[in-house]
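Okay, so here's the structure we're looking at.
Each reported figure results from applying straightforward, stated rules to the coordinates on display, with no laboratory input. All of these numbers come straight from a predicted model, not from anything done at the bench. When we count neighbours, we look across all protein chains shown, and the Cβ atoms used for this are built from the backbone with ideal geometry, even at glycine.
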Amino acid sequence: MAQPARTSAVDPSERPTVEEPAATIAALEDRLAERELEVLRLRDLLIGAEAELGTLAGTILSLRRELEAIGDLPDRYNAVMGSTTWKAMWAVMTPYRKVRERVGAAR
Amino acid sequence: MSSAAPRFSVVTPVYETPAFLLEECIASVEGQTTPDWELLLIDDGSTAPHVHAILDAAAARDARIRVVKRAQNGGIVAASNDAVALARGEFLALLDHDDLLHPDALAACGDVIAHDVDYVYSDSDLIDEDGNHSEAFYKPGWSPDRFRCQMYTNHLGILRRSLVERVGGFRAGFEGSQDFDLVFRCVEQARRVVHVPRVLYHWRITEQSVNASPEAKPYAWIAGRRAIAAHLERTGFEATVEEDMAIPGLYRLRPALRETPMVSIVIPTGGGRKEVAGEVVLLAERCIASITGLSTYQDFEIVLVVDDHVDGDDVQRMVDAGDERLRVIPYRRPFNFSDKCNVGVVHSRGEHVLLLNDDTDVLTHDWLEHLVMYSRVDEIGAVGARLHFGDGRLQHVGLGALPGIAFGHFYRGFPGDHPTYYGMADLPGNFLGVTGACLMSRREVYDEVGGLCTDLPGAYNDVDYCLKVLDAGYRITYSPGARLRHHESASRVAEVQQWERDTLERRWWRWREGDPYYNRNFRQDSLDFVRPRMLRDGSVVSNGR
């Protein structure tokens, strides 16, 4: 479909008038400054959001690593409790433990 | 000898070294916890018989030790280049003939070496002839702008051999600072420089040592100046260099700008007053008068962003303090320091923008030249100045961070003439941040990172800005040549709110481990460079963590 011919890059109502060019320029400059401020704010928001994303991703990674480090804790605990060394030490230390319990009770 | 090339070639030119010093030096290499090294001992025509005996014995007992005896003395540069030519290691470790390596030195450096690392340096200390350690130098992370004025990375330095060969090795004419010159040429091309925050090198202090007295080897200091001048020439850095007559071994740069681009000085003001030297002054008026009255740099404009509640007479006084280069931009929104700065910047025209608090006044006439000198460097994204409180105490010589996102000023409140740790306040340097009370950026950088964050209207907007600039790949530079007085917090409330801390933490939690520019060996509960207690063997009792 044929497009209507473009006659102007800007809204005709925004065109500088012959009568008040200085005022028009000042108004346009104010609008330009507002838009530039908006662009700055949006860039900052984007950078900030990306930084926060990095923080969150890093925190998740760090927690996952911690979880992995303690993930096999039950297995390691059971392995120790079931080991011959542990059982032998438990048996060897039994008299000492009983003495300690008695002393503790007396106090 | 093993046919496989070792990772490290330790390069040690030898000349008339006292026997026990040479033996201890060689033993410190033999005692390395990693076996992956070779030691190249280049005797530079020593006549003392004990030197030859010690070298021969060392070569005989360890195949990794190679000895070359030059027929005649050729000087440190020739001897060092002989060693470079012989070296087979991937990296060259530079060791002076009377100094010692820590047993972990090579292993610890090896741990941080990656494919793109071209230069590694560590902390160092001094050791006397009786083996007493002193004056540990806990260095900052790689700070090219400090390095330009102080060979602070010296010992232990490890350079990628291929890079050293590419830049042509050591050069004649820089004797005494030949390593400074070499490292300059290497870091100009290096992909990555890494600092190992451990004392891995013990620098021998003897009566003849360059460390014992700065006057002991003035030629080294002069050669250092030549090395810096050559670097400035190669890189196009717009400055000249001279020795710092107050602090031997340091150098000062004087700006030599080829162009004077337009600087827009943005001063947000609420028309604050404060008593200064017994007189209540209109801060912005005083600030503007100091700029126009003192500055030798002339290509600037002042953009004054004034709250609309400020009395018209006061605004007129501010305008009268300036000249035709001053423009007033009314600010009609509720207080937001960041927004006011951004408003000023978008209404300005300069290639460089300078955010300046209205409660500052200029102390040095060439302050703008010093700031522009750094701001014009492509790799630098923000530049800060040295600020003093009204009573002369230090207010700002750089911003640092303690673990847990705790940002603050180094040496805040210390006497204005405090020597500071290895002269850091008198040296340019790179930090995590500089204060927004006086901060210059190229406009393109300011735009790229979105200016100051308007969600941080009061505190931390400067820290956040600097971290954004760092994140964008630039570095932050502190320039002590630009000096101002800062009557801090007369212009705004300085209290930090918890939500402001939270905002900063949400964005920049990655810095929670601390600050690479603030050595972790210092106590990590202050930014005052408090040293841990050092034991006789050079180890430390506690780092305060």
Counting other beta carbons within 10 Å of each Cβ, put B:34, A:85 in order, fewest first.
A:85, B:34
Per residue of segment B:186-199, in order, report the coupling 6.51 cos²θ - 1.76 cosθ + 1.60 (Karplus, θ = phi - 60°) as ³J(HN,Hα) in whole Hz, putting x for Gly and Pro.
6, 5, 5, 10, 5, 7, 8, 10, 10, 9, 9, x, 9, 6
Nearest 10 degrees, 0 to 90: helix B:283-294 Cα axis against chain B principal axis
60 degrees
If you look at just the Cα atoms of segment B:256-351, how large are its Rg and its Dmax in Å?
13.8, 43
One point scatterer per Cα, no solvent, Debye formula: log10 I(q)/I(0) for segment B:200-332 at q = 0.19 Å⁻¹ comes out as -1.03
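Please compute, over every Cα-Cα pair in segment A:57-107, the percentage with a separation greater than 12 angstrom. Each step should come with its number before you reach the end.
Working: 945 of 1275 pairs.
Roughly 74 percent, once rounded to a whole number.
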For segment B:347-502, which semi-axes, largest first and in whole Å, follow from the square roots of 5 times the eigenvalues of its Cα gyration tensor?
21, 19, 16
Compute the distribution of all C-alpha to C-alpha distances in segment A:19-71, in bins of 5 Å from 0, and list the percent of pairs in each, rounded to whole numbers.
5, 17, 10, 12, 9, 9, 8, 6, 7, 5, 4, 4, 3, 2, 1, 0
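Expressed as a whole percent, how much of the Cα-Cα distance distribution for segment B:105-218 exceeds 24 Å?
Details: 1743 of 6441 pairs.
For segment B:105-218, the fraction of Cα-Cα distances above 24 Å is 27 percent.
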How tilted is helix B:498-508 with respect to the longest principal axis of chain B? Cα atoms for both, answer in degrees (0 to 90, nearest 10).
50 degrees
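Taking 1 over the mean of 1/r across every pair of different Cα atoms in chain B, what Kirkwood radius in Å do you get?
Values: mean 1/r = 0.0399 Å⁻¹.
Result for chain B stands at 25.1 Å.
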Between residue B:510 and residue B:332, what is the FRET efficiency for a Förster distance of 25 Å, r being their Cβ-Cβ separation, to the nearest 0.05?
0.10
So what J values fall out for segment B:65-72 if you push phi through Karplus, 6.51 cos²θ - 1.76 cosθ + 1.60 with θ = phi - 60°, rounded to Hz, Gly and Pro as x?
9, 10, 10, 10, 10, 6, 5, 9
Between 0 and 90°, nearest 10: helix B:218-235 axis offset from chain B longest Cα axis
60 degrees
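Quick one: which of B:100-106, B:228-234 comes out on top by average Cβ neighbours within 10 Å, and what's the full order, highest first? Write down the numbers at each step before the final one.
On the way: B:100-106: 23.7, B:228-234: 16.7.
Listed from highest to lowest mean packing, they are B:100-106, B:228-234.
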Sorted largest first, the Cα spans of segment B:17-141 on the principal axes come out in Å as 41, 35, 28
Take the alpha carbon atoms of segment B:243-288, find their center, do the same for segment B:417-453, and report the distance between the two centers in whole angstrom.
14 Å
Provide the per-residue ³J(HN,Hα) series for segment B:346-363, in order, calculated from phi with Karplus coefficients 6.51, -1.76, 1.60 and θ = phi - 60°, each as a whole number of Hz, with x at glycine and proline positions.
5, 8, 9, 10, x, 6, 10, 10, 10, 7, 9, 5, 6, 9, 10, 9, 6, 10
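Could you pull out the trypsin sites (Lys or Arg not before Pro) across segment B:310-350 that fall in loop regions by DSSP (anything but H, G, I, E, B) with no more than 10 other Cβ atoms inside 10 Å?
Numbers: sites: B:317, B:325, B:327, B:332, B:340, B:349; in loops: B:325, B:332, B:349.
Qualifying residues, ordered by number: B:332.
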Throw me the Rg/Rh for the protein assembly as shown, computed over C-alpha atoms with Kirkwood Rh, two decimals.
1.07
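May I ask for the net charge around residue A:95, where only other residues with Cβ less than 14 Å from the Cβ of residue A:95 are counted and Lys, Arg are +1 while Asp, Glu are -1? Don't skip to the end; give the middle numbers.
Working: positive: A:97, A:98, A:100, A:102; negative: A:101.
So the environment of residue A:95 carries a net charge of +3.
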